[in-house]
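The values are calculated or read from the model by the stated rules, or taken from the named source; none is laboratory data. If you're wondering where the values come from, they're calculated on a predicted model, not measured in any experiment. Cβ coordinates were reconstructed from backbone atoms using ideal geometry, including for glycine residues, and neighbour counts include every protein chain displayed.
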Amino acid sequence: MRRRGGPDPSPLSGILGAALPRGAEGRLALPEIRSAWPEIVGKALAERTFAEDLRDGVLAIRADGPASAQMASMRGGSIASELSRRFGVPVESVRVTTGRIQRPRPARRTASTAPRVRPPAEEVERNYAEIRRKFPEGCEAAARRLASLMAVYGRRFPRA
């Protein structure tokens, strides 16, 4: 809620900025910089370079060879000013090294992050009708769980 007649409360970024250790905002901006890297340096140079680190106003770039390193070095001033303008972090210079580029791998999906498949109740009932006679008396719950599992399996791995 906004107060009447008084100044606006200070932005949350100011509070967070004061709480973070010196230089942390650059490292926090690094994932955004990496995702916008092709827009900043161009697609061709982005394929041959990687923004490795940002500390104390110096952006460390890894290039896959001398030609791409020279190109990134020549564009260092414009890269630094674009990053400062776009992300609001102070980038004063660019340091380029050559070597093998190792981009971070995307996180692998685990069973806990896999999307949950919910089959329609009609499919579960149809499967239950097929298998319920194969279960002994009193095991209806197990038969229903198996019918649900069969329906999920059918959804996840449709027949060709």
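Restricting to region 68-87, name every residue that is over 18 Å from Leu30 (Cβ atoms) and out of contact with any helix residue (DSSP H, G or I) (no Cβ under 8 Å at 6 or more places or on another chain).
Result: Ala69, Gln70, Ser73, Met74, Gly77, Ser78.
In region 132-140, is there at least one residue being farther than 30 Å from Ile40 by Cα, within 28 Å of the chain's Cα centre (by Cα) and modelled with pLDDT under 90?
No: region 132-140 contains no residue that is farther than 30 Å from Ile40 by Cα, within 28 Å of the chain's Cα centre (by Cα) and modelled with pLDDT under 90.
In region 78-99, what residues are in contact with a strand residue (DSSP E or B) (Cβ under 8 Å, 6 or more places away or on another chain) and over 15 Å from Trp37 (Cβ atoms)?
Correct list: Glu92, Ser93, Arg95, Thr97, Thr98, Gly99.
Of all the residues that make up region 44-63, how many are modelled with pLDDT of 95 or more and in a loop (DSSP other than H, G, I, E, B)?
0
Where the second residue is surrounded by fewer than 18 Cβ atoms within 10 Å (Cβ to Cβ) and among the acidic types (Asp, Glu) and the first is closer than 19 Å to Pro104 by Cβ and lies in region 38-58, which pairs have Cβ atoms under 7 Å and are six or more apart or on separate chains?
So the pair list comes out as Ile40/Glu82; Arg48/Asp64.
If you check Glu137 against the conditions, is it of a type in the set (D, E, K, R) and not in a helix (DSSP H, G or I)?
Answer is yes for this residue.
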